[in-house]
Amino acid sequence: MNKYSAILVTGGCGFIGCNFIRYLFEQTGYRGKVVNVDALTYAGNPLSLADLTERFPERYTFIRADIRDRDAMAGVIDCHDIDSICHFAAESHVDRSIVKPDDFVTTNIMGTFTLLELARQHAGSIRRFHHVSTDEVFGSLGDSGYFTEDTPYRPNSPYSASKAGSDHLVRAYHTTYGLPVTISNCSNNYGPYQFPEKLIPLMILNALENKPLPVYGEGRNVRDWLYVEDHCRAVWDIFRNGIDGRTYAIGGDCEQRNIDLVQRLCVMLDDLVGSPAGKSSYADNIVFVKDRPGHDHRYAIDAARIRAELGWKPRESLGSGLRKTIRWYLENRAWTDHVRSGEYQNWIAEHYG
């Protein structure tokens, strides 16, 4: 029996959100309704879930709306009898937040505030509010140590500061109003349907076109990589069985320097596709570019709490996850071409105005 019968997923046309919705319908046995709300900013692509509209017409609904629009979101909750919210919607690219932080503050903080207020007003019916956040709120680690749920917040970019603010609001609504919230802070995700501006898909697609592979600084920054399906499974575990008011750190146990990650991708591409014309390896295309301001040195997560309390652990190693990711991008060039060309925005304008 499903604990929740009508889940509102915000940001469901984004990378992690669309993978989560697919995971719900295809792997969990969930039999309730999912209402996907997305504003369809540049990284939101409803085509990533177009087949679900046909396969599950009675159970999957997409609505174009902005989480900052209180009236629109109230209408969604009332019209669809929403009993739970899984909140992915966010502006999430650090580089964009450095250039134009405005949308990050209004979407990530004020958008979350709007949802919390609506959940508070529907306190009798909303039984779970899960907020998806990032390990970047904790700042930067040295060469040793790990982030845990008790690590003090020290955000270093407008993006991470806006996510830190939204985390604090969610926690405060539990403490002050008793809202049944959970929070998760995850490490860097990768996998299918990721927008090509992110490191791994950018490297894969640039390599396939024999373009330069730009790496910030000297590539010594370290990230803990989490395959997106492992993350979706963790979120679903928390959503169903997490303790109200609790935060869970989700990591992939896959630390890697950026330069080592890119070189590893190149070796895999050499094996799967063959080296590019006139070169011995895709690694010959690696170039180092000026580092971005405030680039955190290292992220790494100790996921002991979610392992102990919910029995979750990642199933994919970095090697297996990267190979699955490369194969997906090789087999879905129509999707990537559509996104990179901007044609998906024309499709959105035609269908959603």
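Please treat every number below as a calculation from the coordinates, not as lab data. Here the structure is a predicted model, which is why all the values come from computation and not from measurement. In this analysis, Cβ positions are derived from the backbone assuming ideal geometry, glycine residues included, and neighbour counts consider all displayed protein chains.
Of note:
- Taking each residue as 0.36 nm, the span from ASP51 to GLU117 lengthens on full extension beyond its C-alpha to C-alpha distance by 20.5 nm.
- Antiparallel DSSP beta bridges within the chain, as percent of all bridges there, nearest 5: 5 percent
- The calculated FRET efficiency for ASN241 paired with LYS290, based on their beta-carbon distance and R0 = 51 Å, is about 0.65.
- Expressed as a fraction of 2.2 N^0.38 Å, the C-alpha radius of gyration for region 1-52 is 1.11.
- Most fluctuating residue given options ASP83, ASP224, ASP271, as computed from a GNM of the chain linking Cα atoms under 10 Å: ASP271
- Radius of gyration (Cα atoms) of region 252-353, expressed as a multiple of 2.2 N^0.38 Å: 1.45.
- Cβ charges +1 (Lys, Arg) and -1 (Asp, Glu), total dipole of region 135-239, debye: 220 debye
- Backbone N within region 48-66 under 14 Å of label point (7 Å from ASN332 Cα along the Cβ vector): 48-52
- Quotient of Cα Rg and 2.2 N^0.38 Å for region 59-134, N being how many residues it contains: 1.17
- Taking amide H positions as modeled 1.01 Å from N, with prolines and chain starts lacking one, the residues under 5 Å from LEU8 and 5 or more places away or on another chain are VAL35, ASP83, SER84, ILE85, CYS86.
- Of the trypsin sites (Lys or Arg not before Pro) found in region 289-346, those that fall in a DSSP loop while having at most 13 other beta-carbon atoms within 10 Å are LYS290, ARG315.
- Which of TRP236, LEU322, GLY12, positive extreme of dipole for the chain (C-beta unit charges): TRP236
- Here each label is just a point 7 Å from Cα along the line to Cβ, and for ASP95 and ARG59 those points are 3.9 nm apart.
- For the peptides 125-134, 45-54, 253-262, the ranking by packing is 125-134, 253-262, 45-54, with the highest mean count of neighbouring Cβ atoms within 10 Å listed first.
- Rounded Å value of the spacing that divides the Cα centres of region 1-66 and region 162-233: 19 Å
- Too-long pairs where the Cα-Cα distance tops 25 Å, listed order kept, from LYS198/LYS290; LYS211/LYS290; LYS3/LYS313; LYS211/LYS313; LYS198/LYS324; LYS163/LYS198: LYS211/LYS313
- Gaussian network model of the chain, Cα within-10 Å springs - most flexible of VAL228, VAL267, VAL181: VAL267
- Note on region 171-236: Kirkwood radius taken over Cα pairs, Stokes-Einstein applied at 10 °C and 1.306 mPa s, translational D equal to 107 µm² s⁻¹.
- Largest to smallest principal axis extent of the C-alpha atoms in region 300-353, angstrom: 48, 27, 18
- The tail of the calculated P(r) for the chain beyond 35 Å holds 20 percent of all Cα-Cα pairs.
- Of all the options GLY17, GLY278, GLY311, the one that moves most in a Gaussian network model of the chain with Cα springs shorter than 10 angstrom is GLY278.
- Maximal additional length on extending the TYR352-LEU272 stretch stands at 24.9 nm, based on 0.36 nm per residue less the C-alpha distance.
- Amide proton proximity set for THR182, modelled H, under 5 Å, gap of 5+: PHE129, HIS130, HIS131, GLY245
- Every pair of different Cα atoms in region 34-77 enters the Kirkwood calculation, which places the hydrodynamic radius at 11.2 Å.
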